[in-house]
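One structure is given below, encoded as structure tokens.
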Amino acid sequence: WIVEDWEFTITVKEGEAEHCRLGFETGDVFTCQYEVPSGFCPKTMATLHTLCEIVRCGGNYKLRGSDSEYEIDFPCADGCICFHLVAKKIKR
């Protein structure tokens, strides 16, 4: 069985519920390891999956324009919500 070694926290950094089809607003938080975060936007999941795979494969977010290796901001697919992603290595 595969044991995941990364955990991801996705926080809505900017956005208002009335601008989002799912009602996301600043401060909403999602967490996951490999699974799809419960209630997360299906249109934005492709971007989130790509960002998670970067660190799972040994990379970081610096080449994607972030100042931090394991934190990055990214927009939703519709451009009305800004998310902040934090990748954290799970200590076993």
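Restricting region 3-20 to residues that are open to solvent by less than 80 Å² (accessible area, probe 1.4 Å) and aliphatic (A, V, I, L, M), the residue that is nearest to HIS49 (Cα to Cα) is ILE10. If you go through region 76-92 and keep only what is within 12 Å of the chain's Cα centre (by Cα) and open to solvent by 80 Å² or more (accessible area, probe 1.4 Å), you end up with just LYS88. On inspection, VAL86 does not qualify as at pLDDT below 95 and either in a loop (DSSP other than H, G, I, E, B) or of a type in the set (A, V, I, L, M) (or both). Criterion first (in a loop (DSSP other than H, G, I, E, B) and in contact (Cβ under 8 Å) with a residue 60 or more places away in the chain) does GLU4 satisfy it? Yes; evaluated as a whole, the condition is true for this residue. When we screen GLY23, GLY65, GLY59 for residues that are of a type outside the set (Val, Ile, Thr), open to solvent by 20 Å² or more (accessible area, probe 1.4 Å), over 12 Å from the mean Cα position of the chain (by Cα) and more than 17 Å from ALA87 (Cα to Cα), the only hit is GLY23.
The values are calculated or read from the model by the stated rules, or taken from the named source; none is laboratory data. Because the structure is a prediction, the values reported are computed rather than measured. Note that each Cβ is placed from the backbone with ideal geometry, even for glycine, and that neighbours are counted across all protein chains shown. For accessibility, only protein heavy atoms count, side chains too; no ligands or nucleic acids. Shrake-Rupley method; radii C 1.70, N 1.55, O 1.52, S 1.80 Å.
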